[in-house]
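What follows is a set of notes on a single structure, which appears directly below.
The values are calculated or read from the model by the stated rules, or taken from the named source; none is laboratory data. This one's a predicted model, so the numbers in the text were calculated from it and none came from an experiment. Note: ideal-geometry Cβ built from the backbone for every residue, glycine included; neighbour counts use all protein chains shown.
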Number of protein chains: 2
Amino acid sequence: MRPTVHDIAAAAGVSLATVDRVLNRRPGVRHVTREKVETAIRELGYIRDVAAANLAKGRTYPLVFILPASDNSFMHGLNGEIRQAILRSAAERTDICTIEVPAFDPAALVAVLEELSQGKPCGVAMVATDAPEVRATVDRLVHAGFPIVTLVSDLTGSLRHHYAGVDNIAAGRTAARLLGRFLGPRKGEIAVLAGSMLVRDHRERLEGFTAVMAEEFPDLAILPVLEGRDDPEIAHMLVADALARNAGIVGVYSLGAGNRGLIRALKEKAVDRTLTVIAHELTTHTRAALIDNTIDAILNQDAGHEVRSAIRVLKAKADGLPMIDAQERIRLDIFLKDNLP
Amino acid sequence: MRPTVHDIAAAAGVSLATVDRVLNRRPGVRHVTREKVETAIRELGYIRDVAAANLAKGRTYPLVFILPASDNSFMHGLNGEIRQAILRSAAERTDICTIEVPAFDPAALVAVLEELSQGKPCGVAMVATDAPEVRATVDRLVHAGFPIVTLVSDLTGSLRHHYAGVDNIAAGRTAARLLGRFLGPRKGEIAVLAGSMLVRDHRERLEGFTAVMAEEFPDLAILPVLEGRDDPEIAHMLVADALARNAGIVGVYSLGAGNRGLIRALKEKAVDRTLTVIAHELTTHTRAALIDNTIDAILNQDAGHEVRSAIRVLKAKADGLPMIDAQERIRLDIFLKDNLP
DNA sequence: GATTTTTTGATTTACGTACATCAAAATTGG
DNA sequence: CCAATTTTGATGTACGTAAATCAAAAAATC
């Protein structure tokens, strides 16, 4: 049988109350006594029964998700996954709420974080906007003892406990290699459609993409990036225009949202030529386009995994428990038409 | 606050003992009374606190993993992941043991299953050997109330509660498309290295591979399958021989284990020609080969995820709880040198 | 050495559920 | 209607931990 607090008390030759004081860092225990108890804990291999402790404490985990108010499929999907998680709240003892902040607005994000820190949340998951003031606020909150994880978009250099999202540089590199290999000996130009170069994920994807292209596929030239602001209409216009202007385009990399417009443009303008197209995020639209060969590969991050991972990590941090690193790594999914879920 | 058994009792106008009898399917409750309680449960949205229940019951989850005694990297990795899970036993209330059975031996597997069913396990995870007698035994145990999940290799058509593994037909199809697209306009022959055509996973991968090859890449001809018995030495010999004999080989698909031998053969015999190679399972060897361009892509199933998923599912089934389907889908990982973990 | 302060012990209640016991009530059979 | 049976209630203990209270002991202070 697993040792209990009673066993620790007996082994250390102290009372239950003292063991409790040590375990829960309560004051009023002499240094030597604390040592005795800690030794007993180590020697018996005592592990606190978190379930019993939570029961006794009546503990719940109030968690906050801070999301940008962006109107695209991916954010809708992410929201949906959070709602799923909320449905599981009862069983998981979580109490989840979401807060929307204007996208790309560091000041607004900082304001929300400040306000939250007054309250009681035992964990915050946020889609980070990459700015020094955000980093400073996050660091301060972490120091104050708030578990914080970044979601989808990281805040490198900050003290956030964990990042639940994909490695976007690797994603860009992977896209480049896939595109380069799919094109084989063909030469020509590559159009890149992004949302905005102000977004860190997009910058990183582009960075990885251009790096591999330059290193390994010198016959393919990257055209100036089209910034579609993750808007289908703008994306459509930009891509249609680029295709009309430039007959040398042999491939397209869409690293942001707004793929609905991209797909429409491809179907209108590229019926005759054989373009190789790689896009991000699996949605109804990109899925259909993959199946009808308009798109050749989709890179995806699983929003459900990201949300569940963020929750697991925040709970573990709140309890001071370790996490299973391999389990929390968010993988870059590569979908061809053959391995769609 | 979440409703408790007390609330149910009050709402239904019965005593706590009666609620308990209903909840735990104990006898001695009149039909009408049972209905009243069940109505109250539904109306209050009562959810049993599994943690408290487990505490009261002193419940642990005795789980058994049945694995084939195969000596290859993948099975070693799987074993390692199970050992990791055993280390987490205390925190997860599991009590995991593994049983090795001779590989490809339905009778031995059936014998082990029969013996287990005498015992107390509340769940069995097994790498299935595909045979009618195994199916029959599994169905019988499932009927008798044992949660059973298949791991890595499925037992289609049986009543197993879940399959924690990848879709091998999709894996084969994906390999074919990757190989076909990577080769582009090149024509030639494709060598396929398998472990054994007696193993269901390998048959399925080959099936998916040949299907897509035939449909979409008619210029690539598949050579007769080389059966390397998942043994590096045999694999080396077979591949070296095939490469020496046949100058028309432009691609290799290795769908089983023994990749160490394959890689050695490729380095010896294929320095001059540009082969495109796709292999299964990420190991130290395949990883190194991917990085030095001997292999172009690796298809992988994450053994850690499979083990953790199997445990989660078995626990949920033992408690009669639902599972999160999306969470338990084992994905086919595609690794290029850019997105290695 | 007496007093104050700090540390420790003993004990109790609580969390939400499981399970057992025994008595009381309701139902059924004759 | 009485006896036998089934159903229900009341109550207590247990699981492992948290948290509180109050008394007792030890240590520190003067």
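If you go through region B:291-316 and keep only what is within 11 Å of chain A (Cβ to nearest Cβ) and either among the basic types (K, R) or farther than 17 Å from A:Q327 by Cα (or both), you end up with B:N293, B:D296, B:A297, B:L299, B:R308, B:R312, B:A316. For region A:53-72, name all the residues that are more than 20 Å from A:T129 (Cβ to Cβ) and either in a helix (DSSP H, G or I) or β-branched (V, I, T) (or both). Selection gives A:A53, A:N54, A:L55, A:A56, A:K57, A:T60. The single condition from (1) within 16 Å of DNA strand C (Cβ to nearest atom); (2) outside any helix (DSSP H, G or I); (3) in contact with a Lys or Arg (Cβ under 7 Å, 6 or more places away or on another chain) that A:T150 fails is (1). Considering region B:298-315 alone, what residues qualify as being touching a residue at least 60 places away in the same chain (Cβ under 8 Å) and within 17 Å of B:A257 (Cβ to Cβ)? B:L299, B:Q301, B:A303, B:E306 - these are the residues of region B:298-315 that are touching a residue at least 60 places away in the same chain (Cβ under 8 Å) and within 17 Å of B:A257 (Cβ to Cβ). How many residues does region A:195-215 contain that are more than 24 Å from B:K337 (Cβ to Cβ) and either in contact with a Gly (Cβ under 8 Å, 6 or more places away or on another chain) or buried (at least 24 other Cβ atoms within 10 Å of the Cβ) (or both)? Qualifying residue count for the region: 3. Among the residues of region B:52-66, those that are among the aliphatic types (A, V, I, L, M) and either within 7 Å of DNA strand D (Cβ to nearest atom) or surrounded by fewer than 19 Cβ atoms within 10 Å (Cβ to Cβ) (or both) comprise B:A52, B:A53, B:L55, B:A56. Tell me yes or no: at least one residue of region A:83-95 is modelled with pLDDT of 95 or more, among the aliphatic types (A, V, I, L, M), farther than 24 Å from A:E233 by Cα and part of a helix (DSSP H, G or I). Yes, because at least one residue in region A:83-95 is modelled with pLDDT of 95 or more, among the aliphatic types (A, V, I, L, M), farther than 24 Å from A:E233 by Cα and part of a helix (DSSP H, G or I). Taken over region B:1-31, the criterion of being in a loop (DSSP other than H, G, I, E, B) and near DNA strand C (Cβ under 10 Å from one of its atoms) is satisfied by B:M1, B:R2, B:P3, B:T4, B:S15, B:N24, B:R25, B:R26, B:G28, B:R30. Taken over region B:44-103, the residue count meeting the criterion of being touching a residue at least 12 places away in the same chain (Cβ under 8 Å), within 16 Å of DNA strand C (Cβ to nearest atom) and more than 22 Å from A:G45 (Cα to Cα) is 7.
Of all residues in region A:86-109, at least one satisfies being in contact with a Gly (Cβ under 9 Å, 6 or more places away or on another chain), within 14 Å of chain B (Cβ to nearest Cβ), at negative phi and not polar (S, T, N, Q). In region A:15-42, the residues that are not assigned by TED's automatic domain parsing to the domain that holds A:G320 form Cβ pairs under 8 Å with partners that are at pLDDT 90 or above and surrounded by fewer than 11 Cβ atoms within 10 Å (Cβ to Cβ), at six or more places apart or across chains, as follows: A:L16/A:H6.
Please list, ordered by first then second residue, the pairs with beta carbon atoms under 7 Å, 6 or more apart or interchain, first in region A:317-341 and farther than 15 Å from A:Q301 by Cα and more than 8 Å from chain B (Cβ to nearest Cβ), second of a type outside the set (D, E) and part of a loop (DSSP other than H, G, I, E, B). If the second residue must be of a type outside the set (D, E) and part of a loop (DSSP other than H, G, I, E, B), the pairs left are A:K317/A:P147; A:K317/A:H161; A:A318/A:C122; A:A318/A:P147.
Being outside any helix (DSSP H, G or I), of a type outside the set (G, A, S) and in contact (Cβ under 8 Å) with a residue 12 or more places away in the chain is the requirement here; does A:L282 meet it? Here the answer is yes, as A:L282 does meet what is asked.
Give the residue that is surrounded by the most Cβ atoms within 10 Å (Cβ to Cβ), with candidates limited to residues of region B:35-49 that are within 13 Å of chain A (Cβ to nearest Cβ) and more than 16 Å from B:R25 (Cβ to Cβ). Of everything passing the filter in region B:35-49, B:D49 is surrounded by the most Cβ atoms within 10 Å (Cβ to Cβ).
The requirement of being at positive phi and surrounded by fewer than 19 Cβ atoms within 10 Å (Cβ to Cβ) is fulfilled nowhere in region A:323-340; no residue meets it.
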